[in-house]
Amino acid sequence: MLAITTALLTMGSVAHAQGGAAGLSPELLSVQAGLEKYQDPIVAVANGFLSTLICVDFPKGHTEGTMNYVAGGMGVHFLNMANVGPTLDPAKPQVLIYEPVGDQLKLVAAEWFAPVAVAGDTPPTIFGKQLEGPMEGHEPIMPPGLHHYDLHVWLWKTNPAGVFSPTNPAIKCPKGPYSHSGEPPKMVGDHSH
């Protein structure tokens, strides 16, 4: 916990509201408003979200056998295991995603996440969308054996690839030890969507 807090303080603990992403539906605007308190990553940590510390970027996008991601970044994932379960709740994402900007973390997206072990063979749905997957865990922030479904929703930063795209070409990870560039996670089975 000390390492997480130190990393947050090093990157800046106050993230200011940056408005919302363009083109959000009324339902997504309501979700965004309900999650607004997490603009401050310290509030997220106090509410059970733990930082993975690494800013994730997929500069080449999709390659053979991997999920169909456009080239772009995801950011720093904060995971709340208490929100992981068989039912998805719009007010309780399993993951909050922050972009490092200077010495601050800016809240850019939320992610609804379901391990295959919890959800089974049928991808869950939320916001009228089926979660993508199944896929392997995103190395190095998850073990590859953590097969899961997920849906990224860019509530605070406009995504040229779309509100529900897993990656955002506008997200930039700074160079350094807490950034990782790699390939998208591998697909699992014949269920890729």
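Inside the range 133-143, can you point out the residues that are modelled with pLDDT of 90 or more, in a loop (DSSP other than H, G, I, E, B) and out of contact with any Leu (no Cβ under 9 Å at 6 or more places or on another chain)?
Once the filter is applied, which keeps residues that are modelled with pLDDT of 90 or more, in a loop (DSSP other than H, G, I, E, B) and out of contact with any Leu (no Cβ under 9 Å at 6 or more places or on another chain), the range 133-143 yields only Pro143.
Provide a single number: the residues in the range 19-56 that are among the hydrophobic types (A, V, I, L, M, F, W, C), outside any strand (DSSP E or B), in contact (Cβ under 8 Å) with a residue 40 or more places away in the chain and surrounded by 14 or more Cβ atoms within 10 Å (Cβ to Cβ).
Number of matching residues: 8.
Is it the case, given these coordinates, that Val84 is buried (at least 20 other Cβ atoms within 10 Å of the Cβ), modelled with pLDDT of 90 or more and β-branched (Val, Ile, Thr)?
no
Need pairs with beta-carbon distance below 6 Å; first residue more than 15 Å from Val84 (Cα to Cα) and in contact (Cβ under 8 Å) with a residue 40 or more places away in the chain and within the range 129-151, second β-branched (Val, Ile, Thr) and not in a loop (DSSP other than H, G, I, E, B); sequence gap 6+ or separate chains.
Within 6 Å, the pairs are Pro134/Val116; Ile141/Thr52; Ile141/Ile54.
Can we say Gly120 is surrounded by fewer than 15 Cβ atoms within 10 Å (Cβ to Cβ), at pLDDT below 95 and within 24 Å of Leu35 (Cα to Cα)?
Numbers: surrounded by fewer than 15 Cβ atoms within 10 Å (Cβ to Cβ): yes; at pLDDT below 95: yes; within 24 Å of Leu35 (Cα to Cα): no.
No; evaluated as a whole, the condition is false for this residue.
Do we find that Lys106 is basic (Lys, Arg), assigned to a loop (DSSP other than H, G, I, E, B) and in contact (Cβ under 8 Å) with a residue 24 or more places away in the chain in this structure?
no
Of the residues in the range 76-97, how many are part of a strand (DSSP E or B), in contact with a Phe, Trp or Tyr (Cβ under 7 Å, 6 or more places away or on another chain) and either under 13 Å from Val153 (Cα atoms) or among the polar types (S, T, N, Q) (or both)?
Adding up the residues that qualify gives 2.
Against the condition under 23 Å from Ser30 (Cβ atoms) and either of a type in the set (Asp, Glu) or touching a Cys at 6+ places or on another chain (Cβ under 8 Å) (or both), how does Gly75 come out, does it pass?
Against the criterion (under 23 Å from Ser30 (Cβ atoms) and either of a type in the set (Asp, Glu) or touching a Cys at 6+ places or on another chain (Cβ under 8 Å) (or both)), Gly75 qualifies.
Output the number of the condition that Cys173 fails; it satisfies all remaining conditions of (1) of a type in the set (A, V, I, L, M, F, W, C); (2) buried (at least 20 other Cβ atoms within 10 Å of the Cβ); (3) out of contact with any Asp or Glu (no Cβ under 6 Å at 6 or more places or on another chain).
(3)
The values are calculated or read from the model by the stated rules, or taken from the named source; none is laboratory data. Every value quoted in this text rests on a predicted model; they were computed, and no experiment measured them. Counting neighbours? That spans all protein chains shown, and the Cβs are built from the backbone with ideal geometry, glycine included.
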